[in-house]
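Contents: one structure, followed by commentary.
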Amino acid sequence: MTPDELAERTRRAAEAAVAAGRELGLRVERAKVLHDVFSVVVHLEPEPVVA
């Protein structure tokens, strides 16, 4: 994958996590990427939730 493709994958994963959190009723202001190697892990700030 190119750096642009990796950045796009990370962006899409973070957006999906935010959407899922909001559908579950969480107040999500932003997704902070914690880990991005084989899978993307984000903190759904300000909630104490990692997705």
Filter pass, ALA14 being modelled with pLDDT of 95 or more, assigned to a helix (DSSP H, G or I) and not charged (D, E, K, R): yes
Residue list for the range 25-45, filter: surrounded by fewer than 12 Cβ atoms within 10 Å (Cβ to Cβ) and over 12 Å from the mean Cα position of the chain (by Cα): GLY25, ARG27, VAL37, PHE38
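The values are calculated or read from the model by the stated rules, or taken from the named source; none is laboratory data. The shown structure was predicted, so the numbers you read here are calculated from the model rather than taken from an experiment. All Cβ positions, even for glycine, are placed from backbone atoms using ideal geometry, and neighbour counts span all protein chains on display.
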